[in-house]
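Structure first, then comments.
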Amino acid sequence: DTGNGEQLYECPMCSLTCTDIQILEEHVDLHLEEHSFSEVGGNIRDLELAQWLQTEEDQRQRSEEEKREREEFKKLQRQYGLDNSGGYKQQFLKNMEREVNRGRMQPFEYHKRKADMMECLAFGIEDEKTKTSGVIEALCKYYQNENKDVRRVWLSTGVDHFHSSLGDRGWGCGYRNFQMILSSLLQNSLYNDCLRDTTLIPSIPKIQSMIEDAWREGFDPHGASHFNNSLRGSKAWIGACEIYSLLTNLRIKCQIIDFHKPTGPTGTHPRLFEWVLHYYSTDNEGGANAKVVCTSKPPIYLQHQGHSRTVVGIEEKKNRALCLLLFDPGCPSQEMQKLLKQNSDGTSLRPLRKFVGSLKEKQYQIVAVDGVLSLEEKAARCQASQVLTSEKIP
C-alpha cells in the first residue's frame, strides 16, 4: 500500500512493482514463457549434440567395418588366387629364382627347366616330371600277395599320379586331380570319342582354358561369376563344380555327390565310404571270389574345404572295416616311387590309406564318372547346371 490508497503489486520473479494486477500477470506470463523457451532450447541443443555424436560413431563404425571387409576380401583373393599376383608361369619362375638364390639349383638347370616349362605351356601339355606311372599295377601285385587282414580290394583302371610343382604349390590340387582322372579315362576305350582332341595330359593353364570354355558353353554361370569368368593367369583354386563342368563339357557323364554333414560318431562319414564301395563293387567285375578286383571304373574326385584328392580304390578288411586308397597331389614323386617297389609289410601304402576315422571334415563332395553323354544329354546337363549340380546324401 502506497499510503494514498493505491495498491502496489510486486513480481515474484524479479521484484518489479506495478499498480495494475493485470499488467503484473502479463509481466509474470512473459517470465514464464521466457523460462519455458530457455528449457526447450536447451533440450534441443542437447538432442542435436546427441544426434551428432551418434552420427559420428555410426560413421566411424561403418568406416572400420568397410576397412575390415576390404582386408578380408583381399585375404580371400590371395587365398583363392584371385589377387592378380600372377599364375602358374609366374610362380614357377619366382620359385626357381628363389632356389637359385638359396644355392639349391644351378643357373644352367634354371635355364633348362625354364625352357622346358615354356615349351610345355606353348603346347598346352603337362611336364612329365610331375607324373608317376604304374602305381595301380604295383598295388594289384601287392594285394595278390597280401594275406594279413585284407578281405577284398577294388582298384580303378590304371591311374597316373601327378604331384604339385613349383608352379602350383599351395593351390593346384584340383587341377592335379583332374589330370589323374583324365589319365585313367585316356586308357579306357569307352572315352575315346570324347577325348579325341585330348590325347595328352593338359597343363594347368590349359585346364584353366578348358574350364573357361565350359563356362562359355553355359555351364555353372554362378560359379563362373565367382571367378569373374576368368582363370587363366591366376592361382585360382577350383573345386567339384569346376571339375563337373569340365568333364561334362567333354561329354563325360558324371555326378556330384554332396556329403554335407557327418553320418557317424565323432564327426565321421561312413556313408561316404559305403557309397565308394557301392561305386566300385556294383558290376561284379573280377569274379565273385576274387580278392583283388581291377575294375574298369575311373577314379573319383574327392573334395573338402581347402584340399582335394583322388580315390583310386577301396579295401574291405576281414573285420568289414573300409579303407579308402587315395592319391594326394601333395605327395612328392619320391614317396610315390616307393609304391613301385614290392614292400611286403605295406608301410609304403600308409600315405594312401584312409580309414573312416581319418576323414573328419564337416563336408565332402565327390565327382564320379560313369559313362558318356550324347550331345542332347550334354545340353540338358548344361541347362540343369545353371540351377543345381549336386545330389545331397541325407
Just to check I understand the Karplus step: with θ = phi - 60° and J = 6.51 cos²θ - 1.76 cosθ + 1.60, what whole-Hz values come out for segment 231-239, glycine and proline as x? 10, 4, x, 10, 10, 5, 6, 10, x
The chain: angle of helix 240-249 to the longest principal axis, Cα-based, in degrees nearest 10: 50
Using only alpha carbon pairs under 8 Å that are at least six residues apart, calculate the relative contact order of segment 183-287 and give it in whole percent. 20
FRET efficiency (Glu361, Glu56; Cβ distance; R0 35 Å; to 0.05) is 0.20
Using amide H atoms built 1.01 Å from N in the peptide plane, name the residues 5+ places from Ala236, or on other chains, whose amide H lies under 5 Å from its own. none
With N set to the residue count of segment 256-354, report its C-alpha Rg divided by 2.2 N^0.38 Å to two decimal places. 1.15
Using the heavy atoms of the protein chains and a 1.4 angstrom probe, tell me the accessible area per residue for the chain in square angstrom. 55
Tell me the label only: which of (i) 24.5; (ii) 25.7; (iii) 27.5 is Kirkwood radius over Cα pairs in Å as calculated from this structure? (ii)
Can you tell me the relative contact order of the chain? Whole percent, Cα pairs under 8 Å, sequence separation 6 or more. 20
In vacuo Debye sum over C-alpha of segment 98-244, base-10 log of normalised intensity I(q)/I(0) at q = 0.10, 0.13 Å⁻¹, listed in q order, is -0.47, -0.74
Below 9 angstrom from the Cβ of Arg151, what's the summed charge of the other residues (Lys, Arg +1; Asp, Glu -1)? +2
Rounded to the nearest 0.05, FRET efficiency between His111 and Lys341 (Cβ-Cβ, R0 41 Å) equals 0.75
Folded to 0 to 90 degrees: helix 107-123 orientation relative to the chain principal axis, Cα: 90
Stretch in the chain that is longest and holds no trypsin sites (Lys or Arg not before Pro) that DSSP places in a loop and that have at most 10 other beta carbons within 10 Å: 197-317
Find how much the distance from Leu49 to Thr198 grows on full extension, using 0.36 nm per residue of separation minus their present alpha carbon separation; answer in nm with one decimal. 46.5 nm
In Hz, Karplus ³J(HN,Hα) per residue of segment 320-337 (6.51, -1.76, 1.60; θ = phi - 60°; x = Gly, Pro): 6, 5, 9, 9, 6, 10, 10, 9, 9, x, x, 7, x, 4, 4, 6, 5, 5
Diffing segment 90-99: the Karplus 3J(HN,Hα) column from phi (6.51, -1.76, 1.60, θ = phi - 60°), in whole Hz with x for Gly and Pro, holds 4, 5, 4, 5, 5, 5, 5, 4, 5, 5
Projected label distance in nm at Thr17 and Asn284, using a 7 Å step from Cα toward the beta-carbon: 12.8
Among Lys318/Lys354; Lys206/Lys253; Lys114/Lys341; Lys67/Lys360; Lys89/Lys360; Lys354/Lys378, which pairs are too far apart, with a Cα-Cα distance over 28 Å? Lys114/Lys341; Lys67/Lys360; Lys89/Lys360; Lys354/Lys378
Taking H placed 1.01 Å from N in the peptide plane, check which residues at least 5 places from Ile252 or on another chain put their amide H under 5 Å from its amide H. Leu373
Here the FRET efficiency for Glu377 versus Arg70, based on Cβ atoms and R0 = 45 Å and rounded to 0.05, is 0.55
At a 1.4 Å probe, what is the % contribution of carbon and sulfur to the accessible area of the chain? 49
Calculated on alpha-carbon atoms, Rg and Dmax of segment 105-152 in Å: 19.1, 52
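The values are calculated or read from the model by the stated rules, or taken from the named source; none is laboratory data. Nothing here was measured: the structure is a model prediction, and the numbers come from that model. Quick reminder, even Gly has a Cβ in these numbers, built from the backbone with ideal geometry, and neighbours come from all protein chains shown. Please note that ligands, DNA and RNA were not included when accessible areas were found on the heavy atoms of the full protein model with its side chains. Shrake-Rupley method; radii C 1.70, N 1.55, O 1.52, S 1.80 Å.
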